[in-house]
Amino acid sequence: MREAGKVAAIGADLGGTNIRLALVDPEGGVSEPYRYPTPPGGEAAAIVETLAQGIRVLQHQARAHGIRLAGCGLGVAGLVDGQAGLVYTAPNVAGFQNLPLKKLLEEKVDVPVTLENDANAAAFAEYWLGAGRGVSSLICLTLGTGIGSGIILEGKLLRGASGAAGEAGHMVVEAEGERCGCGARGCFEAYASATAILRDARAALARGEGTSLRELFGTRPEALSTKDVCDAARAGDPVARGILERAGRYLGVGLASLVNLLNPDLITLAGGLAAAGDLLLQPALAELERRAFAVLLCRTRVELSALADTAGMLGAAGLVLADGGHLWMPGR
Ligand SMILES: [Zn+2]
């Protein structure tokens, strides 16, 4: 983090569990992040106040070090219209429905706030500082409770007519398939997310299938995590392996549609479920190869993201710095 006389942006990330904020400079230097638990209970006002508090702390810090702030970029896990400063809906943040979050925050802090979908922000972080340095088209998929995605096409973040483009998690992979959290059927994230894996593992327990998960979770399936399923699979449990293979195959189905549609240089897989590594990646890549056009696929790398869970925060700040003309990206 460079100091006096320099410019920086506040990067913030609002997730269902945590709020993270830090100062980010145009070289990608980051101050020690602040982390607050996201206030639960559907009280939007409490979340806005916590965000404002964090922003004020960083404003004070910037002032104390003679750093000029270009703005605050805030990544939100939900459907966001950055132009209008509006969060349409954020399924994992209770109380966020048609919320004019930009206006509410700017009433409380002394810095302009720019909203961005968190996966869009993460995609920009990959492009700016991650595996996407030097490429022109990339897709960042965040595999977690759902599947978020951000798309950068020929050097430009794809936002679409409503500012909410890039909802790859709700591409349909089975027309009459499993019910998705969005209410529709057969969405990509209803098959290849942590939620899908846990649903399938709990169903296997309920059917009484012979799995090592039974011993620990047979009477309390709600305590099961994707890490438990991955650990069981790594120890050779056939039921756990089968569940992850199925999710991986569907991940490949979604990846193939994205490759055929957008012909990206790079797809990065981020989010908690990316820790499953080869358990998901191997079946996904096999399926991808079966389905994507070779002439497109031969130009696409698929990689696990090397950026930790700070990508949303970094990218949201990076977009503010880029809009202000403060980013210098070699070869762009
Ligand atoms: Zn859906």
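Here are the numbers:
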read-out: Protection proxy ranking of 122-128, 67-73 - average other beta-carbon atoms within 10 Å, highest first; value: 122-128, 67-73
read-out: Karplus-derived HN-Hα couplings along region 311-318 (A = 6.51, B = -1.76, C = 1.60, θ = phi - 60°), whole Hz, x at Gly and Pro; value: 4, x, 5, 4, x, 4, 5, x
read-out: Förster-model FRET efficiency, 56 Å R0, ARG56 and ARG202, C-beta, rounded to 0.05; value: 0.85
read-out: Net length gained if the chain between ARG246 and ASN260 were fully extended (0.36 nm per residue, minus Cα distance); value: 2.9 nm
read-out: Whole-number accessible area per residue in Å² for the chain, which is evaluated in the context of all protein chains at 1.4 Å; value: 44 Å²
read-out: Proximal lysines relative to LYS108, as straight alpha-carbon distance under 29 Å, when same-chain residues fewer than 8 apart are discounted; value: LYS6
read-out: Most to least packed among 15-25, 212-222, 111-121 [average Cβ atoms within 10 Å]; value: 111-121, 15-25, 212-222
read-out: Point-to-point label distance, LEU153-PHE293, nm (Cα→Cβ direction, 7 Å offset); value: 1.5 nm
read-out: Residues ALA235 and ASP81, FRET efficiency given R0 of 41 Å [Cβ-Cβ distance, rounded to 0.05]; value: 0.35
read-out: Computed [θ] at 222 nm, helices only, for the chain once each DSSP H run of length n ≥ 4 contributes -39500 (n - 2.57); value: -11500 deg cm²/dmol
read-out: Two-site label geometry, GLU27 and LYS103: point separation in nm, points 7 Å out along Cα→Cβ; value: 4.1 nm
read-out: Cα centre as origin, Lys/Arg/Asp/Glu Cβ charges: the chain dipole, Debye; value: 160 debye
read-out: Derived scalar couplings ³J(HN,Hα) [region 31-41; Karplus, 6.51 cos²θ - 1.76 cosθ + 1.60; whole Hz; x for Gly, Pro]; value: 6, 4, x, 9, 10, 10, x, 5, x, x, x
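The values are calculated or read from the model by the stated rules, or taken from the named source; none is laboratory data. Note that the structure is a prediction, hence the values are computed from the model and not measured. As a convention, Cβ positions derive from the backbone with ideal geometry for all residues, glycine included, and neighbour counts pool all protein chains shown. What goes into the accessible areas is simple: the full protein's heavy atoms, side chains included, and nothing from ligands, DNA or RNA. Shrake-Rupley method; radii C 1.70, N 1.55, O 1.52, S 1.80 Å.
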